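S.K.: I have a structure here, written as structure tokens, and I will follow up with some questions on it.
The values are calculated or read from the model by the stated rules, or taken from the named source; none is laboratory data. If you're wondering where the values come from, they're calculated on a predicted model, not measured in any experiment. Note: ideal-geometry Cβ built from the backbone for every residue, glycine included; neighbour counts use all protein chains shown. To get the accessible areas, we keep the full protein, side chains included, count just its heavy atoms, and leave off ligands, DNA and RNA. Shrake-Rupley method; radii C 1.70, N 1.55, O 1.52, S 1.80 Å.
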Amino acid sequence: MSEFKPLVFSGVQPTGNLHLGNYLGAIRKFVALQDNNDCMYCVVDLHALTAQLVHDDMPGQIRSITAAFLAAGIDPQKHIVFNQSQVPQHAELAWIFNCVARMGWMSRMTQFKDKAGKDREQASLGLFAYPSLMAADILVYRATHVPVGDDQKQHLELTRDIAMKFNLDFGDKIRPTGLGVDITVGNEPVHAYFPMVEPLIDGPAPRVMSLKDGSKKMSKSDPSDLSRVNLMDDSDTISKKIRKAKTDPDALPSEVAGLSGRPEADNLVGIYAALADKTKADVLAEFGGQQFSVFKPALVDLAVDVLAPITDEMRRLMADPGHIDAVLRDGGERARARAEKTMMEVRDIIGFVR
Ligand code: TYM
């Protein structure tokens, strides 16, 4: 075998409301990728315990992310939609990766530093090991491509480091099994069991920023609800939030270079472009020279056109939790079979007796 079979994998945490950043940075890309790829999309419920252990409505949170996947257009029959806790092999591989990854690598993760805040002593061990579980999510299927927002870039670099170290450390054991693939990393030939994952981050909105502060990421945890458009917001709320979004007093530039130093303008143009499947240059060709008083209403119309059908479908799906659970159960079963195949091989490579 000379190449890994292409497989798309990504995950979303069932914590808080999904927002426009999650949709444009991740879910919209999931939908676009499904036409030409084998895809697995996972509700990462084990990850949800890392920052907060007890959740008021964990089943509701899991179902609402699943509903968002389906409402956005992911086909759970052609592809696999499931929740992480149904596939215990993720946690098993994560343990092995905890022994592959180095403390120094993990200590450099900026999301850990941000999420742990000042009181690092009180952060859970799970929060520290979070990226190792994320690497396991992807590599337990030997997935090759991972669509994510820009904030996950460092975690995917770590995933490559973990895969590389496993491949090199177990190189002599992988070869005789006949399970590996010859790849080149840089100029080095490597006999690899795990692929070097490719992040899919590009697009006009890889990092959607807060509507109130163009220097901060749009986030579920921002205390101000006006900072984000939630997928469950109704049309009036979307309109209010976009109309109130922070901007500067100048007209929009005609070229992309004119957005530099104007983070709020850049953000809104990026959002428009991503929602319209255009580039920022296309958007500026249309709106360059116009004031925000013209651009914002156009953005409201576009956002409502794209999001309202998704919101309506999410509501419809959420009214039938039995259907959502059946989708997850079916996806979980198919995912488990794939993950167990990898784990049998990994156990053999390591040398566990079975
Ligand atoms: P999570 O649940 O925080 O976010 C889900 C996805 O949304 C993207 N995203 C954004 N994209 C653009 N602009 C924003 N403001 C924005 N906010 C969030 C995230 O980049 C992500 O793609 N660690 C992951 C979940 C995960 C995962 C995985 C992802 C666990 N295992 C394996 C891929 C592969 C996370 O916390 O995502």
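S.K.: Evaluate the range 173-192: report whether one residue or more is more than 23 Å from Glu92 (Cα to Cα) and within 16 Å of the ligand (Cβ to nearest atom).
M.R.: Checked against the condition, which is being more than 23 Å from Glu92 (Cα to Cα) and within 16 Å of the ligand (Cβ to nearest atom), the range 173-192 yields no hits at all.
S.K.: So, one more: State which residue is nearest to Arg207 (Cα to Cα) when the search covers only the range 128-140 and only residues that are in contact with a Leu (Cβ under 7 Å, 6 or more places away or on another chain) and not small (Gly, Ala, Ser).
M.R.: Top of the filtered list is Pro131.
S.K.: Right, another one. Got a sec? Which helices (runs of 4 or more DSSP H) wholly within the range 241-319 have at least 2 residues that are touching a Lys or Arg at 6+ places or on another chain (Cβ under 6 Å)? Outline the logic, then answer.
M.R.: Values: elements: 263-276, 280-287, 292-318.
The helices (runs of 4 or more DSSP H) meeting that bar are 263-276.
S.K.: I would also like to ask the following. Go through the range 141-154 and count every residue that is near the ligand (Cβ under 6 Å from one of its atoms) and over 13 Å from Asp202 (Cβ atoms).
M.R.: 2
S.K.: Here is a list: Phe97, Phe82. Which entry is within 23 Å of Ser64 (Cα to Cα) and either within 16 Å of the ligand (Cβ to nearest atom) or crowded, with 16+ Cβ neighbours inside 10 Å (or both)? Before the answer, list the steps.
M.R.: Numbers: Phe97 fails: within 23 Å of Ser64 (Cα to Cα).
Residue meeting the stated conditions: Phe82.
S.K.: Here is a further query. Go through Asp213, Asp277, Asp233, Asp248 for me and flag whichever is of a type in the set (D, E, K, R), in contact (Cβ under 8 Å) with a residue 60 or more places away in the chain and not assigned by TED's automatic domain parsing to the domain that holds Thr66.
M.R.: On the way: Asp213 fails: in contact (Cβ under 8 Å) with a residue 60 or more places away in the chain; Asp277 fails: in contact (Cβ under 8 Å) with a residue 60 or more places away in the chain; Asp248 fails: in contact (Cβ under 8 Å) with a residue 60 or more places away in the chain.
The match here is Asp233.
S.K.: May I ask you to verify whether Arg354 is part of a helix (DSSP H, G or I), surrounded by fewer than 18 Cβ atoms within 10 Å (Cβ to Cβ), without any contact (Cβ under 8 Å) to a residue 24 or more places away in the chain and of a type outside the set (Gly, Ala, Ser)?
M.R.: Numbers: part of a helix (DSSP H, G or I): no; surrounded by fewer than 18 Cβ atoms within 10 Å (Cβ to Cβ): yes; without any contact (Cβ under 8 Å) to a residue 24 or more places away in the chain: yes; of a type outside the set (Gly, Ala, Ser): yes.
Criteria not met by Arg354.
S.K.: Also, quick follow-up: Based on this model, can you work out whether Pro59 counts as modelled with pLDDT of 95 or more, open to solvent by 40 Å² or more (accessible area, probe 1.4 Å) and either in a helix (DSSP H, G or I) or under 28 Å from Val304 (Cα atoms) (or both)? So that I can check it myself, show each step before the final result.
M.R.: Numbers: modelled with pLDDT of 95 or more: yes; open to solvent by 40 Å² or more (accessible area, probe 1.4 Å): yes; either in a helix (DSSP H, G or I) or under 28 Å from Val304 (Cα atoms) (or both): yes.
When the stated conditions are applied, Pro59 passes them.
S.K.: For the subset of the range 6-30 comprising residues that are farther than 19 Å from Asp150 by Cβ and at pLDDT 95 or above, which member is most open to solvent (accessible area, probe 1.4 Å)?
M.R.: Pro6
S.K.: Moving on. Every residue in the range 234-259 that is open to solvent by 20 Å² or more (accessible area, probe 1.4 Å) and either under 21 Å from Asp305 (Cα atoms) or of a type in the set (D, E, K, R) (or both), please.
M.R.: Result: Asp234, Ser235, Asp236, Thr237, Ser239, Lys240, Arg243, Lys244, Lys246, Asp248, Asp250, Glu255.
S.K.: For the range 163-212, which strands (runs of 3 or more DSSP E) that fit wholly inside it have 3 or more residues that are open to solvent by less than 70 Å² (accessible area, probe 1.4 Å)? Outline the logic, then answer.
M.R.: Values: elements: 181-185, 188-192, 198-200.
Filter on the range 163-212 gives 181-185, 188-192.
S.K.: I've got another one for you. For the range 110-128, what are the residues that are in contact (Cβ under 8 Å) with a residue 40 or more places away in the chain, within 13 Å of the ligand (Cβ to nearest atom) and open to solvent by 20 Å² or more (accessible area, probe 1.4 Å)? Talk me through it step by step, then tell me what you get.
M.R.: Just the residues of the range 110-128 that are in contact (Cβ under 8 Å) with a residue 40 or more places away in the chain, to begin with: 110-111, 115, 124, 126-127.
Next cut, within 13 Å of the ligand (Cβ to nearest atom) only: 110-111, 115, 126-127.
Answer for the range 110-128, where residues must be in contact (Cβ under 8 Å) with a residue 40 or more places away in the chain, within 13 Å of the ligand (Cβ to nearest atom) and open to solvent by 20 Å² or more (accessible area, probe 1.4 Å): Thr110, Gln111, Lys115, Gly126.
S.K.: So which pairs qualify, if the first residue must be in the range 21-34 and farther than 13 Å from Phe69 by Cβ, the second must be open to solvent by less than 20 Å² (accessible area, probe 1.4 Å) and assigned to a helix (DSSP H, G or I), the Cβ gap must be under 7 Å, and the two must be at least 6 apart or on different chains?
M.R.: Final answer for the pair search is Leu24/Ile271; Leu24/Ala274.
S.K.: State whether one or more residues within the range 131-140 are part of a loop (DSSP other than H, G, I, E, B) and open to solvent by less than 20 Å² (accessible area, probe 1.4 Å).
M.R.: To start, the set of residues in the range 131-140 that are part of a loop (DSSP other than H, G, I, E, B) comprises 140.
Within this subset, residues satisfying the condition of being open to solvent by less than 20 Å² (accessible area, probe 1.4 Å) are 140.
Yes, some residue in the range 131-140 is part of a loop (DSSP other than H, G, I, E, B) and open to solvent by less than 20 Å² (accessible area, probe 1.4 Å).
S.K.: Quick check: is even one residue across the range 35-52 assigned to a helix (DSSP H, G or I), closer than 23 Å to Ala273 by Cα and more than 14 Å from the ligand (Cβ to nearest atom)?
M.R.: Step one: list which residues in the range 35-52 are assigned to a helix (DSSP H, G or I), which gives 47-49.
From the residues that got through so far, the ones that are closer than 23 Å to Ala273 by Cα too are none.
So far as the range 35-52 goes, no, none of its residues is assigned to a helix (DSSP H, G or I), closer than 23 Å to Ala273 by Cα and more than 14 Å from the ligand (Cβ to nearest atom).
S.K.: Also, quick follow-up: Of all residues in the range 31-41 being under 21 Å from Arg207 (Cα atoms) and of a type in the set (A, V, I, L, M, F, W, C), which is surrounded by the most Cβ atoms within 10 Å (Cβ to Cβ)? Give the steps one after another, and end with the answer.
M.R.: Quick first cut of the range 31-41, residues under 21 Å from Arg207 (Cα atoms) only: 31-33, 41.
Pick out the ones that are also of a type in the set (A, V, I, L, M, F, W, C) and you get 31-33.
Working: Val31: 17, Ala32: 15, Leu33: 19.
Out of the qualifying residues, it is Leu33.
S.K.: Additional query: May I ask you to verify whether Val12 is farther than 27 Å from Asn267 by Cβ and within 10 Å of the ligand (Cβ to nearest atom)? Steps first, answer last, please.
M.R.: On the way: farther than 27 Å from Asn267 by Cβ: no; within 10 Å of the ligand (Cβ to nearest atom): yes.
No.
S.K.: Quick test of your reading of the structure: Val31 fulfils all but one of (1) outside any loop (DSSP other than H, G, I, E, B); (2) within 12 Å of the ligand (Cβ to nearest atom); (3) of a type in the set (A, V, I, L, M, F, W, C). Name the failing condition by number.
M.R.: Val31 satisfies all of (1) outside any loop (DSSP other than H, G, I, E, B); (2) within 12 Å of the ligand (Cβ to nearest atom); (3) of a type in the set (A, V, I, L, M, F, W, C) except (2).
S.K.: Here's something else I'd like to know. Determine which member of the set Arg334, Arg329, Arg347 is touching a strand residue (DSSP E or B) at 6+ places or on another chain (Cβ under 8 Å) and either modelled with pLDDT of 95 or more or on the phi < 0 side of the Ramachandran plot (or both).
M.R.: Values: Arg329 fails: touching a strand residue (DSSP E or B) at 6+ places or on another chain (Cβ under 8 Å); Arg347 fails: touching a strand residue (DSSP E or B) at 6+ places or on another chain (Cβ under 8 Å).
The conditions single out Arg334.
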